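Trainee: Structure provided below as C-alpha cells; questions to follow.
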Amino acid sequence: MIDDIIEVKDLHFSYRVDEDTQLEILKGININVKKGEFLAVLGHNGSGKSTLAKHLNAIFTPEEGCGSVKVCGIDTRDEERLYEIRQKAGMVFQNPDNQLVATIVEEDVAFAPENLGIEPSEIRKRVDDALKTVNMYEFKDKAPHYLSGGQKQRVAIAGVLAMKPEVIIMDEPTAMLDPSGRREIMATVKKLNKDEKMTVVLITHYMDEAALADRVIVINSGEIELCGTPREVFSQVEHIKEIGLDVPQATELAYRLSKEGIDLGSDILTVDECVDAILAKRKAD
Ligand SMILES: Nc1ncnc2c1ncn2[C@@H]1O[C@H](COP(=O)(O)OP(=O)(O)O)[C@@H](O)[C@H]1O
Ligand SMILES: [Mg+2]
C-alpha cells in the first residue's frame, strides 16, 4: 500500500538559456502528497510553479543527480511506464481553450480514455459519470466553443476524471476565468476532494483558493519557503508580504485592525470568521 501519491525528493531543475548559461528554477524541492489530500501550491509569477507541475506528470523528468519524482511509487524517469504515470496524475492547465480537442463535449471527455484503449461501454460510463461530477452532463451534445470559460474548464476536468486518475494536478485553472467561472471551478475542486475523495494539487496565486486546501506550500526563489495548514501559513502575514504575496482578504483585514489596536487574533481566514471575531470583540468590550 503506497500512502504517498506524489513524492518529490530534492528536486533541482535549470532551464538552459544558452550554451553556457543555466537558469536554476527549482533548488531542492521536497513534497509528499498523501492520498485524499488537497494541497495548494502558492508562489509569485516566475517562482517555478509550472516547472514543478510539469515534473508531476513526467512532462519534465529529473536529470541524473537532480533528485527524483514518484507518482504512486513509479519513478517518472521510467519511460516504459509513462502512460501509466500520465493516467494516474492528470493535469488541468490554465487555458481551457488549449485543452479541448473535439467538437462535441462528450467526445472531448472520451478522448483520453479512447487513447488508453478502454472498451466503448466502459468509456460511455466514464464519460457520463465524469460529466455528472462536474455538473456538465446536460451539455454533453454541445460544441465546446459555445460554453463559458468556467464551463470549458469543467469539461477539461471531466476529461481528466475520465482517465480515473489517482491525483488531479491543476496549474492555475482559474487564472483566465471571470469571478463566476472561478467559483464554479473551486466548487468543483471542493466537491472532487471532499465527496469523491480525489487527491488534488492546486497551483494558484489566489490566496482565498489556497485557504480551502488542507495544506499550503509557498515556493519562493526555487525553494519551499513556507508549509503548513492555511491557518499556519497565512498567520505569518509579514513573512508572506515580504516575498511579494498577499494573504486572504479576511486575514488582511484582521491584520490591519490589529495594527490599529483591535486584536482579532492571528488565525482568521474567512469572512465569516472575521465577522464572528468582530462581534465577539464588541461584546467583550
Ligand atoms: N522554456 C523556458 N526556458 C527558459 N526559461 C523558462 C522557460 N519556461 C519558464 N522559464 C522561466 O522559469 C521561471 C519559472 O517559470 P514557471 O515555472 O513558469 O513559473 P510560474 O509558473 O511560477 O509562474 C520563470 O522565470 C520563467 O521565465
Ligand atoms: Mg505558471
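Every number in this text was worked out from the coordinates using simple rules, so none of it is lab data. In this text the structure is predicted, and so the values were computed from the model without any measurement. Here the Cβ positions follow ideal geometry from the backbone for every residue, glycine too, while neighbour counts run over all protein chains shown.
Trainee: So, counting K/R as plus one and D/E as minus one, what does the shell of residues with Cβ under 13 Å around Gly222 add up to? Before the final figure, lay out each step's value.
Mentor: Values: positive: Lys27, Lys49; negative: Asp10, Glu24, Glu223, Glu225.
Net charge around Gly222: -2.
Trainee: How do Asp141, Asp20 rank when sorted from fewest to most other Cβ atoms within 10 Å of their own Cβ? Please list the in-between numbers first.
Mentor: Details: Asp141 9, Asp20 6.
Placing the least packed residue first, the sequence is Asp20, Asp141.
Trainee: Calculated FRET efficiency, Glu238 and Asp97, Cβ-Cβ r, R0 41 Å, to nearest 0.05?
Mentor: Values: r = 39 Å, r/R0 = 0.95.
The value I calculate is 0.55.
Trainee: Could you give the alpha-carbon Rg of the chain over 2.2 N^0.38 Å, rounded to two decimals? Let's see the in-between values first.
Mentor: On the way: Rg = 20.3 Å, N = 285, 2.2 N^0.38 = 18.8 Å.
Against the compact-globule rule of thumb, the ratio is 1.08.
Trainee: How would you rank Val233, Val109, going from fewest to most other Cβ atoms within 10 Å of each one's own Cβ? Spell out each step's value before the answer.
Mentor: Working: Val233 26, Val109 31.
The fewest-first ordering by Cβ neighbours comes to Val233, Val109.
Trainee: Calculate, in whole percent, how much of the Cα-Cα pair population of region 162-215 lies beyond 13 Å. Write down the numbers at each step before the final one.
Mentor: Values: 839 of 1431 pairs.
The answer is 59 percent, as a whole percent.
Trainee: So, one more: Under 16 Å from the Cα of Lys35, which aspartates and glutamates turn up, not counting those fewer than eight places away in the same chain?
Mentor: Excluding near neighbours in sequence, the set is Asp3, Asp4, Glu7, Glu166, Asp195, Glu196, Asp214.
Trainee: Measure up Lys70/Lys125; Lys54/Lys197; Lys49/Lys191; Lys9/Lys190; Lys27/Lys241; Lys132/Lys194 against 20 Å on the Cα-Cα distance and list the ones that go over.
Mentor: Values: Lys70/Lys125 30 Å; Lys54/Lys197 23 Å; Lys49/Lys191 24 Å; Lys9/Lys190 28 Å; Lys27/Lys241 22 Å; Lys132/Lys194 16 Å.
In this structure, Lys70/Lys125; Lys54/Lys197; Lys49/Lys191; Lys9/Lys190; Lys27/Lys241 lie more than 20 Å apart at Cα.
Trainee: Of the DSSP beta bridges with both residues in the chain, give the percent that are antiparallel, rounding to the nearest 5.
Mentor: Numbers: 22 of 39 bridges.
Within the chain, antiparallel bridges account for around 55 percent of the total.
Trainee: By how many degrees, 0 to 90 and rounded to 10, does the Cα axis of helix 249-259 deviate from the longest principal axis of the chain?
Mentor: 20
Trainee: Considering only region 151-249, what is the antiparallel percent among its DSSP beta bridges, to the nearest 5?
Mentor: Numbers: 5 of 10 bridges.
Expressed as a percentage, antiparallel bridges in region 151-249 total about 50.
Trainee: In nm, to one decimal, how far is the modelled label at Ile278 from the one at Lys132, with both set 7 Å along Cα→Cβ?
Mentor: Rounded to a tenth, the inter-label distance reads 4.3 nm.
Trainee: Over region 197-253, consider all pairs of different Cα atoms and compute the Kirkwood hydrodynamic radius from their mean reciprocal separation; express it in Å, one decimal. Spell out each step's value before the answer.
Mentor: Values: mean 1/r = 0.0858 Å⁻¹.
The answer is 11.7 Å.
Trainee: Computed FRET efficiency, Cβ-Cβ of Asn32 and Val271, R0 30 Å: what is it to the nearest 0.05? Write down the numbers at each step before the final one.
Mentor: Working: r = 32 Å, r/R0 = 1.06.
Result of the calculation: an efficiency of 0.40.
Trainee: Also, I was wondering about something else. Per DSSP helix of 4 or more residues, -39500 (n - 2.57); summed, then divided by the residues of the chain. What does that give at 222 nm, rounded to the nearest 500?
Mentor: -11000 deg cm²/dmol
Trainee: Could you run the Debye sum over the Cα atoms of region 1-68, one equal point scatterer each and no solvent, and tell me log10 of I(q)/I(0) at q = 0.14, 0.16, 0.17, 0.20 Å⁻¹, two decimals?
Mentor: Reported log10 I(q)/I(0), two decimals: -0.46, -0.59, -0.66, -0.88.
Trainee: Still on this model: How high is the relative contact order of the chain, in percent, counting Cα pairs under 8 Å that sit 6 or more residues apart?
Mentor: Working: 538 pairs, mean separation 57.9, N = 285.
It rounds to 20 percent for the chain.
Trainee: Between the alpha-carbon centers of region 73-112 and region 143-174, tell me the distance in whole angstrom.
Mentor: Distance between centres, Cα-based: 10 Å.
Trainee: Count neighbours as other Cβ atoms within 10 Å of each site's Cβ, and list the GluC sites (Glu not before Pro) in region 7-74 that are DSSP loop with at most 12 such neighbours. Can you show the working numbers first?
Mentor: Details: sites: Glu7, Glu19, Glu24, Glu37, Glu63, Glu64; in loops: Glu19, Glu37, Glu63, Glu64.
When the GluC sites (Glu not before Pro) of region 7-74 are filtered for loop state and at most 12 Cβ neighbours within 10 Å, Glu19, Glu63, Glu64 remain.
Trainee: Could you pull the Cα extents of region 38-130 along its three principal axes, largest to smallest, in whole Å?
Mentor: Cα spread of region 38-130 along its principal axes, largest to smallest: 44, 32, 23 Å.
Trainee: To make sure I understand, if each residue's beta carbon is the centre and we count other beta carbons within 10 Å, what order do His55, His239 fall in, fewest to most? Spell out each step's value before the answer.
Mentor: Values: His55 24, His239 14.
Lowest count first: His239, His55.
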